[in-house]
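Participant: Below you'll find the structure I mean.
The values are calculated or read from the model by the stated rules, or taken from the named source; none is laboratory data. Bear in mind that the values here come from a model prediction, so they are computed numbers and not experimental data. Note that each Cβ is placed from the backbone with ideal geometry, even for glycine, and that neighbours are counted across all protein chains shown. Heads up: the accessible areas ignore ligands, DNA and RNA and are worked out on the full protein's heavy atoms, side chains in. Shrake-Rupley method; radii C 1.70, N 1.55, O 1.52, S 1.80 Å.
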Amino acid sequence: LLAHELEIGRDYELVITNLGGLCRYKIGDVVRVSSFHHEAPVVEFRYRIGQLLNLRGEKTSEEVLSAAVHSVLPAQSITEFTAAELTTHDSSMAPRYLLIIEPVLGASLPIDIAAKLDVALRQSNPVYATWR
């Protein structure tokens, strides 16, 4: 699609062709058209394709994780967050996600944040729920 064919509110994967030799090169970013400035689309970054948490086949996308975090914490209460898969050779310890959340200056995270995030992830990803 060309820029004038895009629709507000829809998500698109960026594909680039240039004179330097890239031809229909997928860069892996998904963006959403939020508005137009004159005829140019204004986009907001959504997520990267292939960025998944996948300990047991649940394939939790960055978008699903972000939605879960923002469903239990207001966006204005956190500066940023990141996640990683945490595994160990100790068979008594199940694999899990490690979330690192940075609250805004002066704010603190609720004591029950882990349980709330787990519930939100179960609701947003049925496959994740089967492994809990």
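Participant: Show me the ranking of peptides 83-95, 60-72 by mean Cβ neighbours inside 10 Å, starting with the highest. Let's see the in-between values first.
Facilitator: Numbers: 83-95: 10.2, 60-72: 18.1.
Ranked from most to least packed, the peptides come out as 60-72, 83-95.
Participant: So, R0 is 41 Å and r is the distance between the beta-carbons of W131 and H38; what FRET efficiency does that work out to, to 0.05? Walk me through the numbers before you get to the answer.
Facilitator: On the way: r = 48 Å, r/R0 = 1.18.
Plugging the Cβ-Cβ distance into 1/(1 + (r/R0)^6) gives 0.25.
Participant: Here's a follow-up. At most 14 other Cβ atoms within 10 Å and a DSSP loop assignment: could you name the trypsin sites (Lys or Arg not before Pro) in region 7-104 that fit?
Facilitator: Numbers: sites: R10, R24, K26, R32, R46, R48, R56, K59, R96; in loops: R10, R24, R56, K59.
Sparse-neighbourhood loop trypsin sites (Lys or Arg not before Pro): R10, R24, R56, K59.
Participant: In deg cm²/dmol, rounded to 500, what helix-only [θ] at 222 nm does the chain give when every DSSP H run of at least 4 residues adds -39500 (n - 2.57) and the total is split over its residues? Spell out each step's value before the answer.
Facilitator: Working: 3 runs with 28 residues, N = 132.
Value at 222 nm, helices only: -6000 deg cm²/dmol.
Participant: Just the projected area, averaged over all directions, of the convex hull on the alpha carbon atoms of region 5-80: how many nm²? It would help to have the intermediate numbers written out before the result.
Facilitator: Numbers: hull surface 31.4 nm².
Across all orientations, region 5-80 yields a mean hull projection of 7.8 nm².
Participant: Okay, next question. With a 1.4 Å probe and every protein chain kept in, tell me what percent of the accessible surface of region 34-73 is carbon plus sulfur.
Facilitator: Numbers: 1240 of 2460 Å².
Carbon plus sulfur share of accessible area: 50 percent.
Participant: Using every Cα-Cα pair within region 65-113, state what percent have a distance larger than 17 Å. Mind dumping the intermediate values first?
Facilitator: Numbers: 491 of 1176 pairs.
Here the long-distance tail beyond 17 Å is 42 percent of all Cα pairs in region 65-113.
Participant: Sticking with this structure for a sec: Treat each spin label as a single point 7 Å out from the Cα along the C-beta direction, and report the I8 to I49 distance in nm.
Facilitator: Modelled inter-label distance: 2.7 nm.
Participant: Something else: Across 5 Å bins from the origin, how do the percents of Cα pairs in the chain run, short distances first?
Facilitator: P(r) over the chain, rounded to whole percents: 2, 9, 15, 16, 16, 14, 11, 9, 5, 3, 1, 0.
Participant: Just to confirm my numbers, what's the Cα centroid distance between region 1-49 and region 73-99 in Å?
Facilitator: If you average the Cα positions of each part, the centres end up 30 Å apart.
Participant: Right, another one. By how many degrees, between 0 and 90 and to the nearest 10, does the Cα long axis of helix 62-72 differ from the longest principal axis of the chain?
Facilitator: Long axis of 62-72 versus the principal axis of the chain: about 60 degrees.
Participant: I'd like the orientation of helix 113-124 relative to the chain: the angle between its Cα long axis and the longest Cα principal axis, in ° from 0 to 90, rounded to 10.
Facilitator: So the inclination is approximately 50 degrees.
Participant: L55: net charge of surrounding residues, Cβ under 9 Å, Lys/Arg +1, Asp/Glu -1, itself excluded? Numbers along the way, then the final one.
Facilitator: Working: positive: R56, R96; negative: E58, E85.
Taking every Cβ under 9 Å from that of L55, the sum is 0.
Participant: Determine, from the Cβ-Cβ distance of R96 and E63 and an R0 of 22 Å, the FRET efficiency 1/(1 + (r/R0)^6), rounded to the nearest 0.05.
Facilitator: Details: r = 20 Å, r/R0 = 0.92.
Efficiency, rounded to the nearest 0.05: 0.65.
Participant: Using alpha-carbon pairs under 8 Å, 6+ residues apart, how would you state the relative contact order of region 25-97 in percent? Numbers along the way, then the final one.
Facilitator: Working: 70 pairs, mean separation 14.2, N = 73.
Relative contact order comes out at 20 percent.
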